[in-house]
Each structure stands twice: as structure tokens, then as C-alpha cells.
Amino acid sequence: MVRMYRFVFAEWLRMRRLRLTWVLLALLLGILALQVNGMLSELEGLKTEVETGISLSDDTPLSPNQIEGNLFLIELREKDLRYPAFIGTVARLSTGFGWFFVILFTVVFGGEDFNRRTLPVILARGVRRRDYLIARILALWLAMGMAVVIIMVLASACGPYVHMQVTDDPISLIGLGDALLWVLRSWLTCLPFIVAVLFWAVLARNMGPALGVGIGLHTLEYLYGLVIPFLAVVSASADLIGGDVPLIYRLQIKLFSITLGYNADLFLYWGAPYMRDPIFVAQTLGLNDVSLMPTTPTYALALLSGYTVLFFGLTLWLLQRRDVTYGP
């Protein structure tokens, strides 16, 4: 236990000295600032459209339905930007581009010992391969936790200022627990990404291919979620009203429902209203079964846990059988 603690601490110090750590954190904070500013601008634009009854995009009069839709969006945006819900909103926003930063950081730090050929030296000092892998995962996970804490502290400090821009209501701490749960879930969902990406780093024994596979798979997964609504329109039967869901569409949704990113999102939205494009499209087309997507957070948690155990086992198996000629 003492040796493990020392090794994790050594890994932590090495990450702190890595310039990429602070560069990625600064980029993430900059993107979050732009996203929050965009939400404020969007809110102001929606309010202007409701007050004038004119669309800002094409200067056409808004219909009653459009005005009602704007009012609904205004309510949602104000709820997200009020304090302390703003803390949870920032935590949720950080997981958008944040997954790509997690993948990049994990690949660079996780593949460093292969690129520099320092892994045999580490193991020759008596560090077991299992302890090495666990320490590396814990160090990366703790680093992500520190990033989440920094984001939470900054959101807590800036939240009252954003709150005053959104509403004149006094600040209340009601909802602080839910906001902190968002923060906690944001950190927990980093673990399966870290373990999965470490598997690719160990398998490739090189940062380049592992980075390509990690970011490529997550990008394809994200794009697949965007494409599913268009596939639904193409594969829908001619008689849309009351029609059955086509088999090809069922298969596409089932495939998407087991992806890492989808289940991470589902876990993050635990207990909150949740809507994905496939469900929305099926309902819009008037198809009978609009509950094709598993929408149970416990299902997502079980799948994320399964991914973590699976990739940890595969990575440990690779470390035990390949690449290293020294160490226990």
C-alpha cells in the first residue's frame, strides 16, 4: 500500500510538471467561457425576439407557436444559468469537448513510458505490472478530479455574476446538492474513458496510433448520434403515421445505445429530463415505439462499469504478456 501510494504520488508530480497538463486546462477553461458567453447571448436574443415578435435571423414575424417555443427556451436557459445551478451547468458543458481533452491527456501521459522506453526501468525497480497500471489509472483519474475541482471553484466564483445578468431574483442555495452531483458525475465518467484509452496506448505501444484510434472512435460515435435522425427519415416506411419502426433503425439505435459516450451522457443526466435525437425523430415520425433507447441511468452505470472492468482486464493482460522483459 505504501509503495502504491508513493508511485501514485510520483506519477502525480510528473503530470504536474508536464506543460501539456496546464495547456489543456487553459484551453478547456477558455472553451467553457465561450460556451457560457454564447448561452448568455442566446438568452438575450430569445428575449429580444419575444419582446419584438420579430425573428432576429430573417426579420420575419414570429408565430404564436414560435413565441411559445422561445419562452420555453428562455425558461430552460435561465434555470441553467441561475446560481447555484450554474455550477452543474458548467460541469455538464465541460464534458462536451472535455472528453477529447481526457483522451489526449491519457494517450500522451499513458504512452509516455513506451515512447521513452522507461517502462522496463520502472518495472526493474520492483514495481509490479498490476501496480503500475493501477497507479497510472489512479494518477490520471485524480488529475481529472483536480481539473473538475478547479472548474467547480471558478464556476462558484463567477456564478453570482452570471446570475445577476440572468435575473433580479436573490441568490438561493436551493439546488446546490443537485449541482454538486453534476460535478461528481462528471468526474466519475472520466474513469471508463481513461481505462479504455490506456488500453489503446498499451496495445499500440505508441502515442500516435493510440491518439488516432481514441479520438477517431469518439468522433465517429458522436457523428453517428447526429446521423441517426437522418437515417430514421430514410428508413421510415411510406406510411409514417402509426407505422412500425423499421428493423434497420432498431439495429442502429441498439448499436448506439451501447456506446461509451451515449452511456456517459445518460449517467450525467441522472434524474433529469433526457431526450436523444433517435427518440425525438421516432416520435416526430409518429412511429409506435418511441422508447427504443434505454433511458435508465442504472443501465448506463452498469455498462460503464462493465467497460471499465473489461478494458482494465485487457490492458493488464497485454502488460503481462507483451512489451516488457524486466520486472516481476
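Miscellaneous remarks
- In this structure, the amide hydrogen of ILE54, modeled 1.01 Å from its nitrogen in the peptide plane, lies closer than 5 angstrom to those of LEU62, counting only residues at least 5 positions away or on a different chain.
- Phi to ³J(HN,Hα) by Karplus 6.51 cos²θ - 1.76 cosθ + 1.60 over the range 70-86, Hz, x for Gly, Pro: 5, 5, 5, 5, 4, 4, 5, 5, 5, 5, 5, 9, 6, 9, x, 4, 4
- Rounded to 0.05, the FRET efficiency of the THR296 and ARG117 pair, given R0 = 45 Å and the Cβ-Cβ distance, is 0.50.
- Footprinting exposure proxy ranking of CYS190, CYS158, fewest other C-beta atoms within 10 angstrom first, gives CYS158, CYS190.
- Placing unit charges on the Cβ atoms of the charged side chains and taking the dipole of the range 1-159 about its Cα centre, the candidate lying farthest along the positive direction among PHE101, PHE9, LEU28 is PHE9.
- Rounded to the nearest whole Hz, the Karplus-based 3J(HN,Hα) values (6.51 cos²θ - 1.76 cosθ + 1.60, θ = phi - 60°) of the range 172-187 follow the sequence 10, 7, 5, x, 4, x, 5, 5, 5, 5, 4, 4, 4, 5, 4, 6, with x at glycine and proline.
Read-outs throughout are calculated quantities, based only on the coordinates presented, and are distinct from any laboratory measurement. In this text the structure is predicted, and so the values were computed from the model without any measurement. Every residue, glycine as well, gets a Cβ built from its backbone with ideal geometry; the counts of neighbours run over all protein chains shown.
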